[in-house]
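Nothing in this text is a laboratory measurement; each read-out follows from the coordinates by a stated rule. Fair warning: this is a prediction, and the values are worked out from it, not measured in the lab. No Cβ is skipped: glycine too gets one built from the backbone with ideal geometry, and neighbour counts run over all protein chains shown.
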Amino acid sequence: MKKLLVFATLIALAAPALAQDAMTVTRLKPGELQWKDNPSLPKGAKTTILQGDPTKAEMFVVRIKVPPNYQFPAHTHPVAHNVTVISGSIFVGEGDKLDTQKGKQMKAGSYIFMPAKHAHFAWTTNEGAVIQDQNVGPGGIDYVNPADDPRKK
């Protein structure tokens with residue numbers, strides 16, 4: 001019985017190390033990113049997945065390239081979002097309706113934490129932005145006004 005307990009303890013201690021060994025290093029240079037249209041975002045934004053699968057219950061990292069004069073209508077997400085502005089600037093506001101008079105400019109290097117199911121909106125002005133979103137999925141976007149959802153048009 002004592003040997004079985006020691007064996008079980010060794011397995012329990014080794015499991016996290018074995019799981020980490022199964023992970024691989026990911027390196028992506030800017031030219032290797034595959035930017036694609038995202039049907040859940042208004043036309044014009046491009047998305048690339050850096051790590052993971054946003055549709056699964058796992059950690060994922062995506063980048064969104066937003067053109068100048070772009071708007072994200074009011075929406076929520078099922079999970080909390082950790083967003084970093086990589087380049088450019090984007091304005092972010094809170095509430096159920098996009099209002100360009102109510103928001104704060106977030107320049108490159110800024111960080112935004114948005115709790116799950118918290119209504120917010122965003123827009124760019126004369127410069128676009130690239131934002132990085134890192135979370136544990138499954139992710140998603142739900143528009144406050146269903147008429148704003150590009151998947152329903």
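Divide by every residue of the chain the summed helix terms, -39500 (n - 2.57) for each DSSP H run of at least 4, and state the resulting mean residue ellipticity at 222 nm, rounded to the nearest 500 deg cm²/dmol.
Details: 1 runs with 21 residues, N = 153.
My calculation for the chain gives -5000 deg cm²/dmol from helical runs alone.
Of L98, L33, L41, the residue with the greatest mean-square motion in the GNM of the chain, using alpha carbon springs below 10 Å, is L33. Taking R0 as 41 Å, what's the FRET efficiency between K104 and T24 from their Cβ-Cβ distance, rounded to 0.05? After rounding, the FRET efficiency stands at 0.60. Counted by Cβ distance under 11 Å from P150, the other residues give a net charge of +1, where Lys and Arg count +1 and Asp and Glu count -1. Here the calculated FRET efficiency for H118 and W35, from their Cβ-Cβ distance with R0 = 30 Å, stands at 0.65, rounded to the nearest 0.05.
Seen from every direction in turn and averaged, the convex hull around the alpha carbons of the chain projects onto 11.8 nm². Our coupling estimate for the stretch 95-108, obtained by passing each phi through the Karplus curve with A = 6.51, B = -1.76, C = 1.60 and θ = phi - 60°, is x, 8, 8, 4, 9, 5, 8, 10, x, 10, 6, 10, 8, 3 Hz, Gly and Pro reported as x.
Here is the list for the stretch 79-115: trypsin sites (Lys or Arg not before Pro) lying in DSSP coil, each with at most 15 other C-beta atoms within 10 angstrom of its C-beta, are K97, K102. Once the Cα-Cα distance is subtracted from the 0.36 nm per residue extended length, the E127 to T55 segment shows a gain of 22.9 nm.
Amide hydrogen proximity for M59: with H placed 1.01 Å from N in the peptide plane, the residues at 5 or more positions away or on another chain lying under 5 Å are G137.
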